[in-house]
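These notes are about the structure you will find just below.
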Amino acid sequence: MTANALTEFPVPAPETPDSPSDQQLIAALNAGDADAFEPLYLRYRDWVVALAHRFTGDESLALDVMQETFLYLLKKFPGFRLTAQMKTFLYPAVKNLSIAARRKTSRVQSTEAEQQHLAQLPAAEIAFTNSAELSAALTNLSEDHREVLLLRFVDDLSLAEIAEAISVPLGTVKSRLHHALETLRSDERAKEFFAA
Amino acid sequence: MNNSDSNTRRDGEELKAPAKLVAALKEPLPRRVFVPPSVDAAILKAARQHFAPTTSSLSPSDGERAGVRGMFARILRPWLLWPTVAAACIALAGLTYFASRSSHQQFAREDINHDGRVDILDAFQLARETQSSAKPEADLNSDGIVDRRDAELIASHAVKLEKGGKS
Amino acid sequence: MSAPIQRSAEHRLGSFPNLLNNWPRRSSALLLALLLVFCGQLFAQSPTNTIRFQSVEIFADSQATALAAYQLEVTITSGNAKIVGVEGGAHPAFAEAPFYDPKAIQHERVILAAFSTQPADKLPTGKTRVATIHLQISGTDELKFETKLTTAASSDGKKIAVEISATEQRAK
């Protein structure tokens, strides 16, 4: 039995070979074991909030989206079947919730100053990487190309998993990734990362 | 328009990124989004509520299948419900008391002084510890060093407003 | 082609022969009058459009104990002002602007916090100004605000009782 949530703040446990897999945790949740949710949540919490921040550029919105994502996941139980990587399943949920959150925020902003502030928010404010030049080069990519690039090389999804996550054919994923890499390769700001 | 020839061509080398680029993309950013413990608590509470068995979960067909024992369970259950809840609350309160005194209690990384809150006092304590001989394990900005910048990160989180600055 | 234009100009100005004859002086006077009317319109704003700026000084009184860290909230409750700037305090230990959420700017609530790892003899005691916030106030209604202490500590990290107050800075 876990202690009262008000005094115990969970931290992600370091993953070990003995850590239950996502499938095992999901099976336990489908069987009604509520304790299996916490490790699953902690395993993906930081990734989801970072992804939401990537989409929204706003930390408060990212937290809101993160909460909504996991509440959305909760509603899948019992009876949830994970047929791909957890990130593949969560990615479209985070993306769609982020878009909805940003739209909602822009609707409730009433003053002109606030709307101007919102209009000036990301992508200019999103630092994709620690290198300002690389971040600028990434910002220059189209959203579709950047999305595939980051999913592949930051989130470690396979091409097939990316195709499933963003609901496009595999060929389209390959094409976008190819164009993203070519664009970066020819961008002066990213040249050092392609130097031999 | 993608045809099979271009897809084949795009497999392999053309879709690989240089190691330096991948390393730069994967490098953790100094400022990560701080998830307040209250948010964790709210989500986990929602999870417990979602998976909690309801009082009507024992359907008439289940009771019949369980026989007499099931029938009594069905009849007695409402009578036991409130005393059970009261006993659980007392047990929970006791656990809370002992948990707060437990040395194995888990706290948020930013809760340096383990008072259950993340505020300026945590930043202050970390700043003092970095100046002393203590070796705190609180590399919050993942730069490999625990220094005043980690303390300042805690401070910036402590002053965050939840929903803009509207009162 | 210019002749008809001249004729129509003369016709238009024909009602003001003196004006036409004294063009340089009269035009200056006319221009000045127009300028004054324009300026009057510009500055004669209705009360609801009045904008002014006000500084509010935040004080912390730790009495005999040296103040090393504080965290407090300031909320504008009159609904007619927004926070536009935050400054540090009077004592060198808190001279730098405190930590605050940039999202507070252009809104009505801010959390301020600061700490100093200086030894106790280099920290303020008694009542000291720890921060100043700058407000943009619309209209002529009175400014109202609330302050609330979240926590404070002495140089050894122990929590201490501190009285927080705030006053509008008087114009010099």
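The values are calculated or read from the model by the stated rules, or taken from the named source; none is laboratory data. These numbers come from a predicted model, not from an experiment. Virtual Cβ from ideal backbone geometry, glycine too; neighbours counted across all protein chains shown.
The table below gives the values:
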item: Residue satisfying condition, being of a type outside the set (Val, Ile, Thr) and either touching a residue at least 60 places away in the same chain (Cβ under 8 Å) or within 12 Å of residue C:113 (Cα to Cα) (or both), within set B:139, B:147, B:115, B:119; result: B:119
item: Residues within region C:68-95 that are under 22 Å from residue B:121 (Cβ atoms) and away from chain B (no Cβ under 11 Å), tallied; result: 7
item: Only listed residue being in the same structural domain as residue C:164 (by TED's automatic domain parsing) and buried (at least 17 other Cβ atoms within 10 Å of the Cβ), chosen from C:68, C:90, C:64, C:97; result: C:68
item: Subset tally (residues that are crowded, with 17+ Cβ neighbours inside 10 Å and either free of Cβ contacts under 8 Å to residues at least 12 places away in the same chain or more than 9 Å from chain B (Cβ to nearest Cβ) (or both)) for region A:181-195; result: 3
item: Extreme residue, modelled with the highest pLDDT, among residues of region A:111-139 that are part of a loop (DSSP other than H, G, I, E, B) and in contact with an Asp or Glu (Cβ under 9 Å, 6 or more places away or on another chain); result: A:131
item: Residues within region B:85-116 that are farther than 26 Å from residue C:152 by Cα and at pLDDT 70 or above, tallied; result: 8
item: Selection count where residues are among the hydroxyl-bearing types (Ser, Thr, Tyr) and not in a loop (DSSP other than H, G, I, E, B), scope region B:112-167; result: 2
item: Qualifying residue in region C:148-171 (condition: acidic (Asp, Glu), within 11 Å of chain B (Cβ to nearest Cβ) and in a strand (DSSP E or B)); result: no
item: Failed item in (1) of a type outside the set (Lys, Arg); (2) at pLDDT 90 or above; (3) over 30 Å from residue B:89 (Cα atoms), with residue A:84 passing the rest; result: (2)
item: Among residues of region A:165-180, those that are surrounded by 20 or more Cβ atoms within 10 Å (Cβ to Cβ) and either assigned to a loop (DSSP other than H, G, I, E, B) or within 16 Å of the chain's Cα centre (by Cα) (or both), counted; result: 1
